[in-house]
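**Q** Below you'll find the structure I mean.
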Ligand code: PMP
């Protein structure tokens, strides 16, 4: 659908996937007013389809839009369009457990001009893509590099939004870490560079026995929908779950002394991803026994159980199609 200042969101439509035209001076190309979301449609064992908390993604898009000087999304029309699209492309929702149809709502500025100011015209669209299981073998511990050269977000910046520029700023660090054999980087805060923020596409959680801690939202961490779901699930399963400021040096010390028993990331794509190894500068540590911890495994089983319809959805997260 289109947005025009004074008119609002209009012309909601579903069209076949195709190229679209952009003026070379379209403001999105120069000033980066581009935000997006990622959510998934799952197929239950009985063949039916279900979405997991898509309203939370659309609400987060509106929060991103506000920070980026973009208009609030018409969340109701967007959700209706999202549901219609998935029904049309129903055949593309894979049948295998662990696979899903990834849904990517996107909003970009369309005004043409070279002056730096908020655009008056926007395009909102949704594209879909079937995705395989993040790890073919199921849960698999990953190794993560603690980034010390670059920061991802700064105080008062756009870290809490899902804007394209955050990812543009992260690509180099991710590539360097990958060449060194790591899956992703762990970002530290942009002020003191010592507090844990998040990983490239996941929020971070740490387990001390049955207590789970995760960095407190501070304006530069993306408020992950999986993070929120896992905190709720963890508490309902009898774990203690706290949001705190986490010093990376303490995390390393606790891992070495054995107090820290597990680390894992949470995200729509990665679901729950155990972290077996953490590296910082020249130091490399193993978390727990470097394998899949029981907290991560139990949360993974419960979350995917709800997403694939095997377990009861006690929290009203599922929309059946
Ligand atoms: N942090 C970043 C930077 C991400 O890109 C993602 C993936 N959207 C997450 C955290 C996890 O968020 P969610 O659980 O909503 O997918």
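**Q** With each label point set 7 Å from Cα along the Cα-Cβ vector, what nm distance links residue 167 and residue 192?
**A** 3.2 nm
**Q** Over all directions, what mean area does the Cα convex hull of segment 142-307 project, stated in square nanometres?
**A** 8.8 nm²
**Q** When each pair of different Cα atoms in segment 1-67 is counted once in the 1/r mean, what is the Kirkwood radius in angstroms, to one decimal?
**A** 15.3 Å
**Q** When the chain is fully extended, how far beyond the present Cα-Cα distance does residue 175 get from residue 46, taking 0.36 nm per residue of separation?
**A** Full extension from residue 175 to residue 46 adds 42.4 nm.
**Q** If you don't mind, there's one more thing I want to ask. How long are the three semi-axes of the equivalent ellipsoid of segment 84-127, in whole Å, if each is the root of 5 times an eigenvalue of the C-alpha gyration tensor, listed from largest down?
**A** Computed over segment 84-127, the values are 35, 11, 6 Å.
**Q** If you wrap segment 2-131's Cα atoms in a convex hull and average its projection over all directions, what's the area in nm²?
**A** Average projection, Cα convex hull of segment 2-131: 8.3 nm².
**Q** Using 0.36 nm per residue, how much length does the chain from residue 66 to residue 149 gain when fully extended, once their Cα-Cα distance is taken away?
**A** The residue 66-residue 149 span can extend by a further 26.9 nm.
**Q** Further, regarding this structure: Expressed as cubic angstrom per residue, what is the convex hull volume of the alpha carbon set of the chain?
**A** In the chain, the Cα hull volume divided by residue count equals 138 Å³.
**Q** Sort 214, 106, 266 so that the residue with the fewest other Cβ atoms within 10 Å of its own Cβ comes first and the one with the most comes last.
**A** Starting with the residue having the fewest Cβ neighbours, the order is 106, 214, 266.
**Q** Still on this structure, I have one more. When the chain is treated as a GNM, springs tying every alpha-carbon pair under 10 Å, which of 243, 283, 89 comes out with the largest mean-square fluctuation?
**A** 283
**Q** Same structure again: For every helix of n ≥ 4 consecutive DSSP H residues, a contribution of -39,500 (n - 2.57) applies; sum these over the chain, divide by its total residues, and give [θ] at 222 nm rounded to the nearest 500 deg cm²/dmol.
**A** Dividing the helical sum by the residues of the chain leaves -8000 deg cm²/dmol.
**Q** Shifting gears a bit: What ratio of Cα Rg to 2.2 N^0.38 Å holds for segment 154-245?
**A** The reported ratio for this selection is 1.15.
**Q** For a quick check: sort 235, 43 by the number of other beta carbons within 10 angstrom, fewest at the front.
**A** 235, 43
**Q** With the convex hull built on the Cα atoms of segment 235-321, state its orientation-averaged projected area in nm².
**A** Seen from a random direction, the Cα hull of segment 235-321 projects 7.1 nm² on average.
Rule-based calculations on the coordinates, nothing more; no lab input. All figures in this text were calculated on a predicted structure; none of them were measured in a lab. FYI the Cβ positions are ideal-geometry reconstructions off the backbone, even for glycines, and counts take in every protein chain you see.
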